[in-house]
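Novice: Dumping the structure here so I can ask a few things about it.
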Amino acid sequence: MEDYGLAHQWILALHSYFAYVVLAVLFLAVANGILGWTGNKDFTLRKDFRISLFALILSHLQLLVGLVLYFVSSNGLNAIKTLGMGGLNSASRLLAVEHPFINIIAIVFITVGWSKHKKVLEGKRKFKTITIFYGLGLILILSRIPWAQWLN
């Protein structure tokens, strides 16, 4: 299968390198949530709100870049069209099915966590909500990163 040249390479590089930023900020949001939850801290707009919001925004941006990549790459939807679901080996199934599907679910968890935390008034419960939902999202994302291709 042949990819679509320079545009594909640029989108793939953006998706790969931006992932480091997204993972770092998401990890920061989860760690901040754990520290706030266990430390009975007040949830501040200046720090805690912004960390959680940046993690949400960056996660969604990464998802959008990933969806564009899914439709222009030979490893995404085109792999399923060409090989069929039964023709995918484990590496191509990871890229064409598992990675996008699980990451969409992860972003849903992060979005639900953001939405739910806004309805809570108590700081400890806000931190708990962010920790649980963003943490689940982070675990799901980490579980379906194509590590073999990403680290090469």
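The values are calculated or read from the model by the stated rules, or taken from the named source; none is laboratory data. For clarity, every value in this text was computed on a predicted model and none was experimentally measured. For neighbour counting, all protein chains shown are included, and Cβ atoms are generated from backbone atoms with ideal geometry for every residue, glycine included.
Novice: Does any residue in region 4-17 that is more than 14 Å from Leu64 (Cα to Cα) come within less than 8 Å, Cβ to Cβ, of a residue that is part of a helix (DSSP H, G or I) and among the aliphatic types (A, V, I, L, M) six or more places away or on a different chain, and which pairs are these?
Specialist: Every condition considered, the pairs that remain are Tyr4/Val72; Ala7/Val72; His8/Leu69; His8/Val72.
Novice: Also, I was wondering about something else. Identify the residue in region 133-152 that is of a type in the set (A, V, I, L, M) and at pLDDT 95 or above and, among all such residues, is surrounded by the most Cβ atoms within 10 Å (Cβ to Cβ).
Specialist: Result: Ile141.
Novice: I've got another one for you. Among the numbered conditions (1) under 17 Å from Ala13 (Cβ atoms); (2) of a type in the set (S, T, N, Q); (3) over 18 Å from the mean Cα position of the chain (by Cα), tell me where Gln62 comes up short.
Specialist: (3)
Novice: If Leu95 satisfies all but one of (1) within 17 Å of the chain's Cα centre (by Cα); (2) of a type outside the set (Phe, Trp, Tyr); (3) modelled with pLDDT of 95 or more, what's the number of the condition it fails?
Specialist: Answer for Leu95: the failing condition is (3).
Let's see how each residue does on (1) crowded, with 20+ Cβ neighbours inside 10 Å; (2) of a type outside the set (Gly, Ala, Ser):
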| position | (1), (2) |
| --- | --- |
| Val72 | no, yes |
| Gly84 | no, no |
| Ala96 | yes, no |
| Phe109 | yes, yes |
| Lys119 | no, yes |
| Glu122 | no, yes |
| Thr131 | yes, yes |
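Novice: Show me the helices (runs of 4 or more DSSP H) entirely contained within region 49-103 in which 1 or more residues are closer than 18 Å to Leu140 by Cα and touching a Pro at 6+ places or on another chain (Cβ under 7 Å).
Specialist: 50-72
Novice: Here is a further query. Determine, yes or no, whether Phe54 is under 30 Å from Lys116 (Cβ atoms) and of a type in the set (Phe, Trp, Tyr).
Specialist: Here the answer is yes, as Phe54 does meet what is asked.
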